[in-house]
Amino acid sequence: MNTEQVALVDDAITSRHSVRAFLDQAVDASMIKDILRVASRAPSGTNTQPWKVYVVTGNKRQEMIDRVVAAQLEIYESPEMANQYHETFAYYPETWISPYIDRRRENGWGLYGLLNIQKGEKEKMATQQLRNYQLFDAPVALYFTVNKAMGIGSKMDISMMIQNVMVAAKARGLDTCPQAAWNHFHPIVLDVLGAPDDEELVCTVALGYADPEHIVNTFITPRVDVDEFSVFLD
Ligand SMILES: Cc1cc2nc3c(=O)[nH]c(=O)nc-3n(C[C@H](O)[C@H](O)[C@H](O)COP(=O)(O)O)c2cc1C
C-alpha cells in the first residue's frame, strides 16, 4: 500500500464513531451486500465464519421497534417486568473497577451533557434510552447472531466482522452505532427475526446516513495514549 492508501484506511478507521441520529434516507440493498461481503473477510478461528446477520428494514424494522419499545415502556411502568428479560451473555462486569468505571461514567455523562440531561432527570434519560430501540432513526438494523453451540471465541470472530462492517460502511459514506442495548430483549428480537431456537443475539448495529445537524453526532470520545495500554518487550 502506498502512503495515500494507508491514509485512506486509517481515515476510515479513525473517522468511525457511534452515530445516534440518522437521516430518513434509505440505504441501497446492494451497498449493504457489498459491505457484508467485504466484512466477511474478517478472520475467524479455524475459518468457522460463525456470524449470521439479519438485515432488517421497512415493515420488519417497524415491527421490531414497536415490539421492543412497548416492552421497554412496560418496564418503565412496572420495573419488576425487567425480570423476564436477561442478557444471553454478560457483556459488562457485575462489579466495576477503575479505570473502566471512570471511563464509562465520563462517557455517559459526556453524552448526556451534550443532550442537556442532568443527574436525576430520569424521564429524559429514559427517552434517550428508548432511542436505542428506535435505532436512532436508522433505516437499517443489522442483528448479528451466533449458533449457541459455538464457543465464546465465536463472539470474538463476530466482533471482528462487526468492526469490518462499521469501517466498510464508513468508507461508503454511511455511519453506524453498535448496540448491546437490544441484547436484553433477545427473545422478542429472535421472534421478530424468525430465528431458530439455536441462535443467540450477539450485537445489533444501526446503519444509515448520519444526521449532520444533530448535536448528538458531535460526540467524539477520547482514547488513552498508546503508551498507557501497551507494553513493548524486546
Ligand atoms: C459491543 C458494543 C455495544 C454498544 N452498545 C451501545 C448501545 O447499546 N447504545 C449506545 O448508544 N452505544 C453503544 N455502544 C457505543 C459505545 O458507547 C461507543 O463505541 C464508545 O463510547 C466509543 O465511542 P465511539 O464508538 O464513538 O468511538 C456500544 C459499543 C460496542 C462496541
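The values are calculated or read from the model by the stated rules, or taken from the named source; none is laboratory data. None of the values given here were measured: they were computed from a predicted structure. Using ideal geometry, Cβ is built from the backbone for each residue, glycine included, and neighbour counts are taken over all protein chains shown.
Does the range 43-61 contain any residue that is closer than 19 Å to Q129 by Cα and at pLDDT 95 or above? Taking every residue of the range 43-61 in turn, at least one turns out to be closer than 19 Å to Q129 by Cα and at pLDDT 95 or above.
Residue check: L130 meets all listed conditions (1) within 16 Å of the ligand (Cβ to nearest atom); (2) among the hydrophobic types (A, V, I, L, M, F, W, C); (3) farther than 17 Å from R61 by Cβ but one, namely (3). For the range 181-234, a residue qualifies if it is in a loop (DSSP other than H, G, I, E, B) and aliphatic (A, V, I, L, M), and the qualifying residues are A195, I220, V224, V231, L233. Inside the range 164-201, residues that are in contact with a strand residue (DSSP E or B) (Cβ under 6 Å, 6 or more places away or on another chain), within 11 Å of the ligand (Cβ to nearest atom) and without any contact (Cβ under 8 Å) to a residue 60 or more places away in the chain make up a count of 1. Given the conditions (1) out of contact with any helix residue (DSSP H, G or I) (no Cβ under 8 Å at 6 or more places or on another chain); (2) under 27 Å from T221 (Cβ atoms); (3) polar (S, T, N, Q), which single one is not true for Q129? So Q129 meets the others, but not (1).
Condition test on T218, is it more than 17 Å from the chain's Cα centre (by Cα), within 15 Å of the ligand (Cβ to nearest atom) and either among the β-branched types (V, I, T) or surrounded by 11 or more Cβ atoms within 10 Å (Cβ to Cβ) (or both)? Considered against the rule, which asks whether it is more than 17 Å from the chain's Cα centre (by Cα), within 15 Å of the ligand (Cβ to nearest atom) and either among the β-branched types (V, I, T) or surrounded by 11 or more Cβ atoms within 10 Å (Cβ to Cβ) (or both), T218 comes out as yes.
Which of the following residues is buried (at least 17 other Cβ atoms within 10 Å of the Cβ) and in a loop (DSSP other than H, G, I, E, B): A42, A26?
Working: A26 fails: buried (at least 17 other Cβ atoms within 10 Å of the Cβ).
Exactly one of A42, A26 is buried (at least 17 other Cβ atoms within 10 Å of the Cβ) and in a loop (DSSP other than H, G, I, E, B), namely A42.
Would you point out which residue out of M160, M81 is touching an Asp or Glu at 6+ places or on another chain (Cβ under 7 Å) and either over 29 Å from D211 (Cα atoms) or part of a helix (DSSP H, G or I) (or both)? Unique residue meeting the criteria: M81. If you go through the range 188-215 and keep only what is surrounded by fewer than 14 Cβ atoms within 10 Å (Cβ to Cβ) and in contact with a helix residue (DSSP H, G or I) (Cβ under 9 Å, 6 or more places away or on another chain), you end up with D191, P196, D197, I215. For the range 135-155, give me each residue that is surrounded by 14 or more Cβ atoms within 10 Å (Cβ to Cβ) and not in a strand (DSSP E or B). Hits for the range 135-155 are L135, F136, D137, A138, P139, M150, S154, K155.
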